[in-house]
1. Condition first: of a type outside the set (A, V, I, L, M), farther than 20 Å from Arg295 by Cβ and either within 16 Å of ligand 4 (Cβ to nearest atom) or crowded, with 16+ Cβ neighbours inside 10 Å (or both). Can you find one or more residues in region 223-239 that meet it?
2. Given the options Val135, Val159, Val140, name the one that is closer than 24 Å to Ser44 by Cβ and not basic (Lys, Arg).
3. Output the residue which, of all residues in region 76-101 that are small (Gly, Ala, Ser) and buried (at least 18 other Cβ atoms within 10 Å of the Cβ), is nearest to ligand 1 (Cβ to nearest atom).
4. Among the numbered conditions (1) in a helix (DSSP H, G or I); (2) closer than 26 Å to Ser287 by Cα; (3) polar (S, T, N, Q), tell me where Ser47 comes up short.
5. Which of the residues belonging to region 240-259 are farther than 16 Å from Ile178 by Cα, within 15 Å of ligand 3 (Cβ to nearest atom) and surrounded by fewer than 20 Cβ atoms within 10 Å (Cβ to Cβ)?
6. Anything in region 52-82 that is within 19 Å of Gln207 (Cα to Cα), in contact with a Lys or Arg (Cβ under 9 Å, 6 or more places away or on another chain) and not hydrophobic (A, V, I, L, M, F, W, C)? List them, or say none.
7. Filtering region 141-191 down to residues that are over 20 Å from Met94 (Cβ atoms) and polar (S, T, N, Q), which residue is farthest from the chain's Cα centre (by Cα)?
Amino acid sequence: MNDLMTSTESRVLADVAAQISTALARRLRRSDIAPLLEEAISYSLLSGGKRLRPALVLLCAEAAGADRAVALGPACALELIHTFSLVHDDLPAMDDDALRRGRPTLHVQAGEATAVLAGDAMLSMAFHWATDVSVPAGAVVRIVRELAAATTDMISGQVYDTIGGLPAELTDEQRLQIIQRTKTGALLRAACRMGAICAEADPLAEQHLVEYGEALGEMFQIVDDLLDVTQTAEHVGKATGKDLDAGKLTSPGVIGIERSREAVERLRRRAHEALAPLGAEADPLRSLCDEMAVRTR
Ligand code: IPE
Ligand code: IPE
Ligand code: MG
Ligand code: MG
Ligand code: MG
């Protein structure tokens, strides 16, 4: 489990995250890749992190009535994609950050070439790991398509966030929402759909879980933006206080801290509403969403 997290913030994530970290380490050890690549990926992948996306895959599978272990392959695949996105997000050509998950970023530790290549490898390995799931072939295809579409959306979001290119007629608020839904929301939404597919959930249950993921995804990035202006780098384990200077479109920057907090609360409620038709099996998802609304790192 991420040693950066405190017990109050990690109640639901704690046991799921431990299960995921063990599975990630085992899968990485079994990968037949260049030793330097394995070392680099291990440095970034096994360095902690909240494991939110893979936890969502497992907990959505469980909410749809399956054993959470059935979804471990796709869950680990999604954490690979997320970690690849972080390694590249931190590169000098992108956000140029030196601290991640409480330690030097991969390019600072091992050089830019290694960081670029480790990201490339994690991206491709993810599509291999995603197929490691015991569901009918049609469901495996849906999982892979979901992963591919969400990863592409995330990269589009990184383009909007880092380079720009959104239509000039949009307001800052509209642009911000597109960025939140793509760069961050896409992977959280996909996590929920992938969990549902792993559980062979009925279409209605899948739709409820996806709506939960959409609300949570938008909420998650608003909280991330709030942490950038309210927390220290030491506390969150990555640089803070940078978004405004870097000219980023962020929630506190566009609508202010107070309205951002209101948006978090509105989205937290929307996530709960989405789960309303589901039973007690969805309780861990309810708690997880509450925890992510008040997280401080
Ligand atoms: C950070 O994600 C990047 C965003 C999309 C905001 P997390 O806050 O989930 O990072 P880790 O995995 O816990 O390090
Ligand atoms: C990054 O958003 C989202 C990704 C796709 C990696 P940020 O740039 O705000 O994430 P942090 O704050 O560096 O973790
Ligand atoms: Mg960024
Ligand atoms: Mg960044
Ligand atoms: Mg950020």
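1. Narrowing region 223-239 to residues of a type outside the set (A, V, I, L, M): 224-225, 228, 230-232, 234-235, 237-238.
So of that shortlist, the ones also farther than 20 Å from Arg295 by Cβ come out as none.
No; the residues of region 223-239 include none that is of a type outside the set (A, V, I, L, M), farther than 20 Å from Arg295 by Cβ and either within 16 Å of ligand 4 (Cβ to nearest atom) or crowded, with 16+ Cβ neighbours inside 10 Å (or both).
2. The conditions single out Val159.
3. So, considering only residues that are small (Gly, Ala, Ser) and buried (at least 18 other Cβ atoms within 10 Å of the Cβ), the one nearest to ligand 1 (Cβ to nearest atom) is Ser85.
4. Status for Ser47: all satisfied but (1).
5. Thr240, Gly241, Lys242, Leu244, Asp245, Ala246, Gly247
6. If the condition is that a residue be within 19 Å of Gln207 (Cα to Cα), in contact with a Lys or Arg (Cβ under 9 Å, 6 or more places away or on another chain) and not hydrophobic (A, V, I, L, M, F, W, C), then Glu62 is the only one that fits.
7. It comes out as Thr171.
Residue-by-condition table, conditions (1) at pLDDT below 95; (2) hydrophobic (A, V, I, L, M, F, W, C); (3) buried (at least 17 other Cβ atoms within 10 Å of the Cβ):
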{"site": "Pro136", "(1), (2), (3)": "no, no, no"}
{"site": "Glu146", "(1), (2), (3)": "no, no, yes"}
{"site": "Gln158", "(1), (2), (3)": "no, no, yes"}
{"site": "Ile178", "(1), (2), (3)": "no, yes, yes"}
{"site": "Thr184", "(1), (2), (3)": "no, no, yes"}
{"site": "Arg193", "(1), (2), (3)": "no, no, yes"}
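The values are calculated or read from the model by the stated rules, or taken from the named source; none is laboratory data. From a predicted model like this one, the values you see are computed outputs, not experimental measurements. Cβ sites come from the backbone with ideal geometry, for glycine too, and all protein chains shown count toward neighbours.
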